[in-house]
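Report on one structure; see the data block that follows.
The values are calculated or read from the model by the stated rules, or taken from the named source; none is laboratory data. Note that the coordinates shown come from a computational prediction; the quantities given were computed from them, not determined experimentally. Cβ placement follows ideal geometry from the backbone for every residue including glycine, while neighbour counts extend to all protein chains displayed.
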């Protein structure tokens with residue numbers, strides 16, 4: 001009897017991934033503004049979650065770029081729900097980011113969205129500060145777009161490092 005239960009459990013575990021792929025086809029997203037305006041997404045209900053992270057290290061200077069490249073496959077749009085930023089600078093410096101979903105095809109500032117951060121002193125020597133920020137967005141990235149997030153700080157002393165994460169999902173393109 002125990003052998004039968006164990007065999008049944010093994011079969012169910014083996015078939016679980018197949019059942020996960022047998023879900024209903026994702027539905028399209030309704031875009032409520034014209035293609036030349038920044039994307040405003042209403043009711044995304046697709047089942048293809050996407051999380052992408054890029055690390056940026058700048059040893060001199062005020063700015064850096066998290067370049068994600070082309071992230072939307074043909075026939076889909078990457079709907080960006082949230083963008084998060086975690087960074088480290090010297091104490092007293094500010095750090096922020098700006099999402100650029102498609103400068104290479106649509107030009108800047110199409111769809112740009114800022115990411116503000118809150119900083120706190122990281123260590124007892126009062127040398128480093130960490131910065132946290134998240135921005136809810138209503139952006140999309142089409143195939144061929146070069147998604148990037150520009151990072152900026154208010155002082156160039158010392159270096160800075162940051163991790164930028166895109167949280168979203170793929171949706172079938174309405175075109």
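Scanning the stretch 43-64 for residues that are surrounded by 14 or more Cβ atoms within 10 Å (Cβ to Cβ) and outside any strand (DSSP E or B) returns 44, 46. Taking the listed residues 97, 87, 92, the one that is touching a residue at least 40 places away in the same chain (Cβ under 8 Å) and over 17 Å from the mean Cα position of the chain (by Cα) is 92, with no other qualifying. The conditions of being out of contact with any helix residue (DSSP H, G or I) (no Cβ under 6 Å at 6 or more places or on another chain), surrounded by fewer than 18 Cβ atoms within 10 Å (Cβ to Cβ) and touching a residue at least 24 places away in the same chain (Cβ under 8 Å) are not met by residue 114. Each residue in the stretch 67-88 was checked for being at pLDDT 95 or above and surrounded by 22 or more Cβ atoms within 10 Å (Cβ to Cβ), and 3 pass. Put simply, of 162, 135, 150, 129 the only residue that is free of Cβ contacts under 8 Å to residues at least 60 places away in the same chain, buried (at least 17 other Cβ atoms within 10 Å of the Cβ), closer than 19 Å to residue 59 by Cβ and in contact with a strand residue (DSSP E or B) (Cβ under 6 Å, 6 or more places away or on another chain) is 129.
When each of 148, 106 is tested for being touching a helix residue (DSSP H, G or I) at 6+ places or on another chain (Cβ under 9 Å) and under 26 Å from residue 48 (Cα atoms), the lone residue that passes is 148.
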